[in-house]
Amino acid sequence: MSDAHLTERPVDGGNGPVELTDEPIRLSRRDPAQESERQPVSRRRKIVLAAALVVGLAGAGALGVAGWRVYQQKDTRLTQPGNVAGLTRDDSDRARSTADYLRDGFAADIDLDRSFGTVYTDPADAKRSVLMFGGTTLLWQPERDLDTLFDLMADETGKVAGLREVDAGRLGGVMKCGRTSGDGGDFAVCGWADHGSVAMGMFPGRPVDDAATLFRQIREGVQRR
């Protein structure tokens, strides 16, 4: 059988030779100029979405931390032990009258679930008794409420000078101390607040730094969660 019939057929179907050029072969009908303009917009959108996601995650994380802190601190109990931080509770009629006066005045300024007032004496120096008053309640903004109480104290006793934040210790929250004056002269005053409690203390005859240390020790002895 002869193969002549195969070699006689034109290779290109009779359309002539195919011309090759340097231009790339286009597999799409889209305009490359328009594609180059769209790409930066798409990239920018991705960046914006990624940034929004990061911010959203950070916000959710902060909200989660704040919520956990409220949960930890909201159920707080404050006790008045007979002895705490080297001090002894004064149960005399005069001390009880003073404690009741402080507690009632304090409770009138803030809505509390439970309130207390206590006087502690220093066995080493009777002139350095500590007056404590406070209570428990759910506080959403502890620092703001504590600042409000310091402002109220300033209205009663005069300006609280040198008010500053001090170490709140292992129980957290916020603690501040300063100096003010009363009938007995100048004295240190400190306060703490967290999401479950708020309290203040007056410290006649003590420097502010010593009062802050003692107040922190008292708090660790009277606060329970």
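The values are calculated or read from the model by the stated rules, or taken from the named source; none is laboratory data. Computed from a prediction, not measured in an experiment: that's the story for all the values here. Neighbour counts are summed over all protein chains in view; Cβ atoms, including those assigned to glycine, are modelled from backbone coordinates with ideal geometry. These accessible areas exclude ligands, DNA and RNA; they are computed on the full protein's heavy atoms, side chains included. Shrake-Rupley method; radii C 1.70, N 1.55, O 1.52, S 1.80 Å.
A Förster distance of 22 Å, applied to the separation of the beta-carbon atoms of ASP109 and SER181, puts the FRET efficiency at 0.65.
Placing pseudo-labels 7 Å out from each Cα toward the beta carbon at ASP210 and ASP100 gives an inter-label distance of 3.2 nm. Accessible surface ranking for ARG77, ARG128, 1.4 angstrom probe, highest first: ARG77, ARG128.
Estimated from the Cβ-Cβ distance and a Förster radius of 41 angstrom, the FRET efficiency linking ASP93 and ALA161 is about 0.80.
Is region 91-225 rounded, prolate or oblate when judged by the Cα gyration tensor, a ≥ b ≥ c being the square roots of its eigenvalues, rounded requiring a/c under 1.5 and prolate requiring a/b larger than b/c? Don't skip to the answer; put the middle values down first.
Numbers: a/c = 1.28, a/b = 1.20, b/c = 1.07.
Rounded shape, in that the Cα axes give a/c under 1.5.
Once you keep just the Cα pairs under 8 angstrom separated by 6 or more residues, what percentage relative contact order results for region 155-225?
Working: 112 pairs, mean separation 16.3, N = 71.
Answer for region 155-225 is 23 percent.
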